[in-house]
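The values are calculated or read from the model by the stated rules, or taken from the named source; none is laboratory data. Only a predicted model underlies this, so the values are computations on that prediction, with no experimental measurement involved. All Cβ positions, glycine included, derive from the backbone under ideal geometry; neighbour counts span all protein chains shown.
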Amino acid sequence: MPADYTNEVVKYLRHKNASGFDSISWLGAEQRFVGGLRNSGVNNLEEQLILGTDTYTVTYEDEDENTIIEKYFCVTDTSPEDTTNYYKLVSKIFKEVQEQDDFTFGTDSFNVNVEDAFAFGGSAQYPGANNLYGTNYHLSKVIEDDLLINPGTAFTVREDKLYYVKENEPDLLVLTKTTSVKYTFEGQRVVHEKITNSLNPSS
């Protein structure tokens, strides 16, 4: 191959038939043949995976005392305002998780705001007149004579928004990742990360 060859690596092949072209056959490529992140000082993806890429990070608290981390993926000697065509990741780490209003506790009271979560005894289905029955096993469970209550709600703890920054244009929201946490009766901590594609909402 000539030393001055600059064409892109072939990414896919298509076969032509009588009615046009059939489906794409995708090809892989070695990391060293794939370009690094745009507005980056690295030469290829291989170097980027080993060392990382150029970033400029600002951390502060908003008016609600949530931690905000703004990370700019670009080459700059002063500030990101001096450059363009790069990605920006804005992360919000919530100081307080969302309030849980399905169950509330008072000094001598317990309030349930979930329909059909419990039933009082005294009926044919629930005969014990002095008993309280948990009717939704997802929300309550008795273990060794202890009543355990699990709201079943996942609490949002973090939000990450990925933008593309282009000169003289509003920042373009590309992806949003929402991180939530819930706990099971067995004491397990379950983390759920959900990504929303703003460029292709149906994906």
_Within segment 175-196, does at least one residue satisfy the condition of being hydrophobic (A, V, I, L, M, F, W, C), touching a Gly at 6+ places or on another chain (Cβ under 9 Å) and either at pLDDT below 90 or on the phi > 0 side of the Ramachandran plot (or both)?_
no
*Can you pull out the strands (runs of 3 or more DSSP E) entirely within segment 1-119 that have at least 3 residues that are modelled with pLDDT of 75 or more and surrounded by 11 or more Cβ atoms within 10 Å (Cβ to Cβ)?*
56-61, 67-73, 86-93
*State which residue is farthest from Gln188 (Cα to Cα) when the search covers only segment 120-141 and only residues that are among the aliphatic types (A, V, I, L, M) and surrounded by fewer than 11 Cβ atoms within 10 Å (Cβ to Cβ).*
Ala124
*Inside segment 106-165, can you point out the residues that are among the charged types (D, E, K, R) and closer than 26 Å to Thr178 by Cβ?*
Arg158, Glu159, Asp160, Lys161
*Could you say whether any residue in segment 146-157 is in contact (Cβ under 8 Å) with a residue 12 or more places away in the chain and charged (D, E, K, R)?*
no
*Given the residues Tyr164, Tyr133, which is the only one that is outside the structural domain of Ile68 (by TED's automatic domain parsing) and either at pLDDT 75 or above or in contact with a helix residue (DSSP H, G or I) (Cβ under 7 Å, 6 or more places away or on another chain) (or both)?*
Tyr133
